[in-house]
1. Taking only protein heavy atoms and a 1.4 Å probe, what accessible area per residue, in Å², does the stretch 1-138 have with all protein chains in place?
2. Give the Debye-formula value of log10 I(q)/I(0) at each listed q (0.11 Å⁻¹), with one equal scatterer per alpha carbon of the stretch 5-73, two decimals each.
3. For the chain, with all protein chains present and a 1.4 Å probe, just round the carbon and sulfur fraction of the accessible area to a whole percent.
4. Viscosity 1.002 mPa s, temperature 20 °C: what is the translational diffusion coefficient of the chain from Stokes-Einstein with a Kirkwood Rh over Cα pairs, rounded to a whole number of µm²/s?
5. Quick check on the stretch 85-143: what are the equivalent-ellipsoid semi-axes from the Cα gyration tensor, as sqrt(5λ), descending, whole Å?
6. Take each of the peptides 1-8, 47-54, average the number of other beta-carbon atoms within 10 Å over its residues, and list them starting from the highest.
7. Starting from the amide H of residue 57, placed 1.01 Å from N in the peptide plane, find each other amide H under 5 Å away whose residue is 5 or more places distant or on another chain.
Amino acid sequence: LGAATPEDLKVLSALVQDAVLTAADIGLDRRARRLALLLNRFRWEDRAAAERQGRPFERVRSLLIIDDVVRVASQGIDRGDGDTVLSVLSLGWEPGEDGTGRVEIVLAGDGAIAVEAECLNVTLRDVSRPYAAPSGKAPGHPD
């Protein structure tokens, strides 16, 4: 799936909510101007079917790729600690001038990644077969 508009990005945001990764799963290719995150994504699109069929909830390995990257900044992430688990809460787009802007990846625990880009160009691609979610539960959020 691809996102070229803020509305498209809302769809991707819903799909990656509660995805988990480590700092080691984040890669920036400066020459290609690409930021890639390898996620363990909860399959929200399959939740209702799993409940109906009484089968385990699933996760899948997915690549979240942001292209046309100009600059990346982060907070609350220790890039030297490749073992700490990070959890994605949402993706957002803050428009700039002439189509430029910033993709904002909000993480649980006050972490965030801000990706300045020439345009909104984000792709989400599953790269593995789905597998049973280790917790056996759907992610939940307190009200």
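The values are calculated or read from the model by the stated rules, or taken from the named source; none is laboratory data. Keep in mind the model is a prediction, meaning the values are calculated, not measured. Heads up, the Cβs are rebuilt from the backbone with ideal geometry, glycines too, and the neighbour counts pull from every protein chain shown. We work out accessible area using only protein heavy atoms, side chains counted, and drop any ligands, DNA or RNA first. Shrake-Rupley method; radii C 1.70, N 1.55, O 1.52, S 1.80 Å.
1. Ligands and nucleic acids excluded, the result is 55 Å² per residue.
2. Evaluating at q = 0.11 Å⁻¹ gives log10 I(q)/I(0) of -0.35.
3. On the way: 3890 of 8070 Å².
On the chain, the fraction of accessible area on carbon and sulfur atoms equals 48 percent.
4. For these conditions, the coefficient is 137 µm²/s.
5. 28, 16, 9
6. Ranking the peptides 1-8, 47-54 by packing returns 1-8, 47-54.
7. 133
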